[in-house]
Amino acid sequence: MSSLKAAVSVYRDIEKIYRLYALYSGRVQAMEPHVKLIDQSLAQHLRGKDADLDWMQFEFLMTAVQSQGENVFISKQPETTLSYALFCEGIRALLISKNISAREVLDWCTRIRKYFIEIEKPEGSLLDLASVLWKNPHPHLRVYLFNSLLELKEVDPAAEGLELKNETGGLLDKDDDDLNNTGNNSKDEWHSRDMDWELPSGDLVFSQMDAEEDLLKDKLTHLKQQLSDASINDRAERIMRFQEAEIEALKNEIETYDQNHVEFNLLVQFFTTLSESSDATSLGNALILENLKKMASSIISRFHGGLILFFLKRLQDYQTAKGSDQVTESLKKSLMEALAKPDHLRLLAEALTDASRYKIAKQLVVYLSRESQSHLLDFLIDQQNKAGIQHFLMMLIETDPTLDQDIFQWGDQRLIQVLPVLQTIPWSARSRFLIRCLRHRSLELNRAALPIIADLPIKSSEAMALYEKLSAHDRKILVDSFSNRPVLAEWAPFIQQVIRSGYWSLDNSDIALAWARAAFRYLGRRGFELLDPFVSSRKFILWPKFSVEREAALIAALQIKEPQLRAQVNQWAAREKGLFFQDSELKQKLAAAAR
Amino acid sequence: MMNTTNQNDDKILDAPVPVSGLILATSFLRTMFQFFRQTELHDSSNAIFVQANQEVLRTLSGLMMLPGQSGIHLTFKGELFFINGVRLRPQPRLFYIYRYLLRYFRSRKIGGIKVLALPTEKSLSVFLSLISKVDKEENPAQEIYNHLVSEGIREFELIPLSGQLEKSTNEQGEGDVELIVASLYQRLQKFVEVCFDNMERAYSFSLKPVQESLNELILLAEGDIVQMLRLISVKRYERPLPFRAVNSCFMVMAWARSLRLPAGVVTELGGAALAHPIAILSGKPGTVPEVLATIQKLKDTWQLTDLQRLSVLEWTRPFGKTGVYETQGVKSYQHFFSRMIRIVALFEEMTTYEAGKRVFLPDEALAELLKNSHDCDPTLLKLFVNWVGVYPVGSLVQLQSGEVAQVFAGASDPLRFQRPIVSVLKSANGKLLERPQLLDLSEMNEKLGVYKRNIKRSITLEEANIPPDYFQLNPVGVT
């Protein structure tokens, strides 16, 4: 699929969502089926096997939308479109990440719709839409503002002589071709660093500038000399020229708001001040604390990897240096509160299955309260996100030594959901946990644990008590687990007891067959000994005395693959093939085995 | 399967949805602009006007179908358009349309349009064509009205420009703009002064929220804000800090407006500039705990956003080589808000009178800033100088012909930003003029091929020796 085709489809999906809100007057339930469809479409075009872009950019013209210079949307009645609204309000472009969901687009469009409703009111907001969207909290959407620096760039000074001044008073100089060319390729894009989850520190700016510096050295030195010599005289016009590279860098910075940049700088200042302060109760520190708490919530809501890790690292450093005092406890609590918000838990749930965010999610799980853990699990269960559940459980296993007890606070239903996933994870306390599940008062939970019961070293008496309370259906699940799981010697006495007591054939022939298989698998030759009376006993010489048990034992025996038991099987086959009154098919199989 | 369902879902794009009045009003202006623009390029018989007319009709009918709109009353005041008394906020990308229409209507002495009922395609076409062709010198509104009556078209009425001004006596007319700006200046100055003097007790003064004042300020034209800076540039204050705060706020907002940043961004920047002296008040400029303690004390009266707080914390830091500064080994990059505020704040600091301190003339201050190239962001500084001009508005200058003048506005020719429009205050023989006289320094003596007048040098208020009240007089037109 071409990227243009994908861009056309993605932009149409965005327009659809914008209209949906108006069509259904914001009723979420009514919009839901459409949103689901659009979500699938976005996934296909942005994350499908042919999708190769991390970000897709749309430029807004008056009656059209372009992506990579091609029209992707045109409307004859622009007033009804999102693109026209954004154009009029001063939005130059929209950048969307491949990880966007229809839900996030809906939230964003809702914000825009509500803005237009609000400004129609007499007491409506004075804030303009561009400013509202400039500080938009949606992590996968970014708007670029129209500004006069764009016009500076569009001016062609070659046609006008050395320099031009546009109506806003800006000057542009393009006579330094070398500098301009370098600027185009290595333009300062530090502000877009959050796209790659980089820490928004000045390091990146610094290193980029260093790289540029060698190439630009002569030109920049020249420029600096001009600036340092500057005085207001007739040469001023020459000195006040702009290099395209610098305008480009400033334009990039101005036209989009970088909350990460603001928060990173504040975090650096706040943590530094905290660590240098001797008086934790000072007024300034109180404000720092208050701000850090707010920021914790903000950076989690955007789930910016670099910032979250930076925050946690500085918190740990501070804790190490100052000890576990009120400040760290208070910040940890605020982290827990921030994480407890449903939207943030949903983000965390998504991050658990995203390779690039897994590391961050793992560090954050530590700050989840028991209650939040349960809610996070609910999100994962609702999404049927097995990988997410698995990652989440693995993190808990690593970080919570008493998980086998704490986990029961989640409630029966959640435990039932996670049990199948748990059996795939190596966990030293798993047996303890499963045994608790089997002993639990909830029969439903007992049942959920049955398929993996064979992994547990439980006592024969306990197993018997459990077996007696199960239905025929659940008994079958239990006995089947003896065939599917690795052999655990502790189960041998129980199996022996079941065969001896005759419990094994009480329910139906399927269960009897499963028990016979279990007996051979766990008891080996001893299994033959135990089952032989059921096989060899006769009624009036020509009839089997225990026809069901005999048949089950013989079928199970014929399925044995272990070479060390083959002699025993052959012996049975030779002896039993001659019995007159038995199932003909079994008779043939026995004859074949005897041969 | 999904494709089919998606195709069905595509019908959403054709379904009728309610449209915002603001968008429709904008479209109405846009389509009118397109129509009038075509009249300058094509003959009226050109088929292009059919579609242009249909477009105007489409947007007009959309507007008239809005609930509660029985007719459309389009007026303008200053740089603002009003539809049925509701102000249309200028939208950055459509400034040129607004300006074009304002000039178009003003040149025809039209102060407003009334659409009493939805016109037919034909009557609208006649009406728009009449506006475009009308003789500008006569009484255009009356002339158009007479034509409409003779054609039996009754859906429109025109308001002559003078009539519009008369009608707006009970509203705030253009002449009141200066008063509005002055009152906003005073309100903000009082706000800052009370806050700085009283800190946590400032709350008890029941001050008007600062954001409200900034929201009002952003509605004014960039030129009106700059004129206020001209008027106050010749003042002397005993306690300059609050004035520096407000001046910086006005200046940075006007500057940001010139960069066409959206209103909300500009007011946030203005708020940060207004708060910038908090970093100075705290004793040791730039020390975070002290600055934050001050912010904390003012929190009930003056709420700052994260970005404003960062700007207050950062603006005191020199730009250095790259704008990157280091704190405990961690590098941070100064935000552009902080860098803009630094330029404006330093300019104000240098040019605002303070007893016992050297006061720079505006052009000297700019030279000083340019000389210390590592002090401010060079790109923003150049943008600032380009915007403010080599002789910023308010600068007092002596002309080579001997007159004393004050810079009134930027150069009429953008290529000659050393040749602003000045307001001549004193004649060459040192006598105060009866009224200040505007003079465009870019005017040429056609015979000699040289400029009529040149700036000789900038001068101080003391050298100019002009009574303070004289600056308040409105100058008479450009000669």
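The values are calculated or read from the model by the stated rules, or taken from the named source; none is laboratory data. Worth saying up front: this structure is predicted, and the values here are computed from it rather than measured. Cβ placement follows ideal geometry from the backbone for every residue including glycine, while neighbour counts extend to all protein chains displayed. Ligands, DNA and RNA are excluded from the accessible area calculation, which covers all protein heavy atoms including side chains. Shrake-Rupley method; radii C 1.70, N 1.55, O 1.52, S 1.80 Å.
Around A:K98, with a cut-off of 10 angstrom between Cβ atoms, what is the net charge of the other residues, counting Lys and Arg +1 and Asp and Glu -1? Every neighbour counted, the sum reads -1. Between B:R103 and B:D300, the contour length at 0.36 nm per residue exceeds the alpha carbon distance by 66.4 nm. Spin-label pair A:D382-A:K121: with each label point 7 Å from Cα along the Cα-Cβ axis, the two points sit 2.9 nm from one another.
Summarising the overall dimensions of region A:3-146 from its C-alpha atoms, the Rg and Dmax are 14.6, 50 angstrom.
Taking both sides together, the accessible area buried where B meets A is about 8800 Å² for a 1.4 Å probe.
In this rough spin-label picture, where each label sits 7 Å from Cα along the Cβ direction, the B:N372-A:A592 distance is 9.9 nm. Per residue, the convex hull spanned by the Cα atoms of region B:175-387 amounts to 123 cubic angstrom. Annotation: lysines with alpha-carbon distance below 20 angstrom to B:K452 (same-chain offsets under eight excluded): B:K426. Of the solvent-accessible surface of region B:175-387, computed with a 1.4 Å probe and all protein chains present, 50% belongs to carbon and sulfur. For the segment A:5-18, counting C-beta atoms of other chains within 10 Å of every residue's C-beta and taking the mean gives 2.
For the pair region A:554-575 and region B:105-166, the centres of their Cα atoms are 109 angstrom apart. The largest-to-smallest principal axis extents of the Cα set in region B:396-472 are 35, 24, 21 Å.
Label zone of A:D510 (point 7 Å out along Cα→Cβ, amide N under 15 Å): in region A:457-493 this covers A:471-481. Calculated accessible area for chain B comes out at 42 Å² per residue, all protein chains present (probe 1.4 Å; ligands, DNA, RNA ignored). Comparing A:L307, B:N454, A:I416 along the charge dipole axis of the protein assembly as shown, the residue lying farthest to the positive side is A:I416, per the Cβ-charge model.
Length available on full extension from A:E337 to A:S428: 0.36 nm per residue minus the Cα-Cα distance, which gives 29.7 nm. Counting, for every residue in B:386-392, the Cβ atoms of other protein chains within 10 Å of its Cβ and taking the mean gives 3. Protection proxy ranking of A:353-360, A:286-293, by the mean of other Cβ atoms within 10 Å over each peptide's residues and highest first, is A:286-293, A:353-360. Averaged over peptide B:261-271, the number of partner chain Cβ atoms lying within 10 Å of each residue's Cβ comes to 6.
Packing, taken as the mean count of other beta carbons within 10 Å per residue, orders the peptides B:53-65, A:78-90 from highest to lowest as A:78-90, B:53-65. Ordering B:361-368, A:421-428 by mean Cβ neighbour count within 10 Å, with the highest value first, yields B:361-368, A:421-428. Using a probe of 1.4 angstrom and keeping all protein chains present, the accessible surface of region A:3-146 works out to 40 square angstrom per residue.
Kirkwood-based Rg over Rh for region A:311-436 (C-alpha set), two decimals? Value, to two decimals: 0.99. Under 25 Å from the Cα of B:K77, which lysines turn up, not counting those fewer than eight places away in the same chain? Filter leaves A:K121, B:K109, B:K114, B:K133, B:K136, B:K167. Using a cut-off of 19 Å between Cα atoms, the listed pairs A:K561/A:K589; A:K135/B:K297; A:K49/A:K359; A:K135/A:K294 include A:K135/B:K297; A:K49/A:K359 as exceeding that distance.
In units of the compact-protein estimate 2.2 N^0.38 Å, region A:38-85 shows a Cα radius of gyration of 1.32. Annotation: extensible slack from A:S537 through A:S460 equals 24.9 nm (criterion: 0.36 nm per residue apart, minus Cα-Cα distance). With the gyration tensor restricted to C-alpha atoms of the protein assembly as shown, the semi-axes of the equivalent ellipsoid amount to 77, 37, 25 Å, longest first. For chain B, the Kirkwood estimate of hydrodynamic radius, built from reciprocal distances between every pair of different alpha carbons, is 25.7 Å.
Region B:386-412 and region A:74-142 have Cα centres lying 43 Å from one another.
Using equal-weight Cα scatterers in the Debye expression, the normalised intensity of region B:18-171 in log10 at q = 0.09, 0.19 Å⁻¹ is -0.26, -1.33. Each principal axis of the Cα cloud of region A:474-595 was evaluated for its coordinate range; sorted largest first, these ranges are 38, 30, 21 Å. Region A:335-394 and region B:194-269 have Cα centres lying 46 Å from one another.
Here the spin labels are modelled as points 7 Å beyond Cα on the Cα-Cβ line, and at B:Y353 and A:V28 they lie 6.2 nm apart. Rounded to the nearest 20 debye, the dipole magnitude of region B:176-333 is 420 debye, with +1 charges on Lys and Arg beta carbons, -1 on Asp and Glu beta carbons, and the Cα centre as origin.
Between B:Q38, B:L148, B:F28, the Cα set farthest toward the positive side of the dipole of region B:18-171 (charges on each charged residue's Cβ, about the Cα centre) is that of B:F28. By the rule of a C-alpha distance below 28 Å, with chain neighbours fewer than 8 residues away ignored, the lysines paired with A:K469 are A:K459.
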